[in-house]
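*Asks:* A single structure is presented below for examination.
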Amino acid sequence: MNEYGRALSRWRRLRGVKQSHAAELFGVTQATLSRWERGYHRLPDAAARKLTRLLAAPLDSSADAGLRRLVESSALPVHLICDLTHRLLAASPQRFAEWTADASDLRGTSLWRFATDEIQQAESRLGDLGWYDEGTTELRFWTSDNHDPMVRIVPGILVWERLTLSDGTLARLVTTVTH
């Protein structure tokens, strides 16, 4: 499944949107939407842009300012990403200290390319692990070092916590617990 197809499927599940309704939103048949989700067909550029707008967690409203402030002043190694696109929304000083990339260069960009094998495996199993279930808002798993100096992931337990932003989009708070 391609990244857009997976994101479309996750968006529908998290929002409780049926395939037929999503197909209407994109102006395609349900069969076409199903093929996009399964990765059999690539989304046309216009559909990919529309999906990106639907998925983007902005964290720019005044209602979310407190959350941004808490993350950016935390003494813990934490960062906040859009749950569906993996775009960086905010990070703590300790997290930025682990990275050599400038904060302004990373904000708004996807961190997916830095993911370890363990992160990729956990992401691919979110549905099986209950991530989309009403009561499940936290996931813990061990990850190795990605050995990338720009956005380093240190070995340890990662804690993912799902948060709903004021506009209804989902964000993920990522905390590293090292030994």
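The values are calculated or read from the model by the stated rules, or taken from the named source; none is laboratory data. Being a predicted model, the structure only gives us computed values, none of them experimental. Please note: Cβ atoms are built from the backbone with ideal geometry, for glycine as well, and neighbour counts cover all protein chains shown. The protein model used for the area step is the full one, side chains on, heavy atoms only, and it has no ligands, DNA or RNA in it. Shrake-Rupley method; radii C 1.70, N 1.55, O 1.52, S 1.80 Å.
*Asks:* Enter the accessible area per residue of segment 12-122 (Å², integer; probe 1.4 Å; all protein chains in place). It would help to have the intermediate numbers written out before the result.
*Replies:* Working: 5810 Å² over 111 residues.
For segment 12-122, the per-residue accessible area is 52 Å².
*Asks:* Relative contact order for the chain: what is it in percent, counting Cα pairs under 8 Å that are at least 6 residues apart?
*Replies:* Normalised by residue count, the contact order of the chain is 18 percent.
*Asks:* How much mean residue ellipticity at 222 nm does the chain get from its helices, if each DSSP H run of length 4 or more adds -39500 (n - 2.57) and you divide by all residues, to the nearest 500 deg cm²/dmol?
*Replies:* Values: 8 runs with 68 residues, N = 179.
Calculated at 222 nm, the ellipticity per residue is -10500 deg cm²/dmol.
*Asks:* Still on this structure, I have one more. Would you work out which of His79, His21, Thr52 lies farthest towards the positive end of the dipole of the chain? Charges go on Cβ: Lys and Arg +1, Asp and Glu -1.
*Replies:* His21
*Asks:* Let me ask another. When only Cα pairs under 8 Å and 6 or more residues apart are kept, what is the percent relative contact order across segment 73-179? The partial results should precede the final answer.
*Replies:* Values: 193 pairs, mean separation 29.4, N = 107.
Once normalised by length, the contact order is 27 percent.
*Asks:* Let me ask you something else. Just order 23-36, 92-105 by mean Cβ neighbour count inside 10 Å, highest at the front, would you? Don't skip to the end; give the middle numbers.
*Replies:* Numbers: 23-36: 16.3, 92-105: 14.5.
So the order, starting with the most tightly packed, is 23-36, 92-105.
*Asks:* I need the phi-derived Karplus couplings for segment 98-109: 6.51 cos²θ - 1.76 cosθ + 1.60, θ = phi - 60°, integer Hz, Gly and Pro marked x.
*Replies:* Working through the residues one at a time gives 6, 9, 9, 6, 6, 4, 5, 6, 8, 4, x, 10 Hz.
*Asks:* Anyone know which of Thr169, Thr85, Thr109 comes out most mobile in the 10 Å Cα GNM of the chain?
*Replies:* Comparing Thr169, Thr85, Thr109 in the GNM, the peak value goes to Thr109.
*Asks:* Would you kindly give the portion of the calculated P(r) for the chain that falls above 20 Å, as a percent of all Cα pairs? It would help to have the intermediate numbers written out before the result.
*Replies:* Details: 8643 of 15931 pairs.
In whole percent, the share of Cα-Cα pairs in the chain beyond 20 Å is 54.
*Asks:* Restricting to Cα pairs below 8 Å that are 6+ residues apart, what does the relative contact order work out to for segment 29-99? Please round to a whole percent.
*Replies:* Working: 62 pairs, mean separation 15.9, N = 71.
This gives 22 percent for segment 29-99.
*Asks:* Next question, about the same structure. Determine the shape class of segment 120-179: with a ≥ b ≥ c the square roots of the Cα gyration tensor eigenvalues, call it rounded for a/c under 1.5, and otherwise prolate if a/b is greater than b/c, oblate otherwise. Mind dumping the intermediate values first?
*Replies:* Numbers: a/c = 2.17, a/b = 1.64, b/c = 1.33.
Verdict is prolate for segment 120-179.
*Asks:* Just to be sure I understand: with springs between alpha-carbon atoms less than 10 Å apart, which residue in Arg68, Arg113, Arg152 has the highest mean-square fluctuation in the Gaussian network model of the chain?
*Replies:* It is Arg113.
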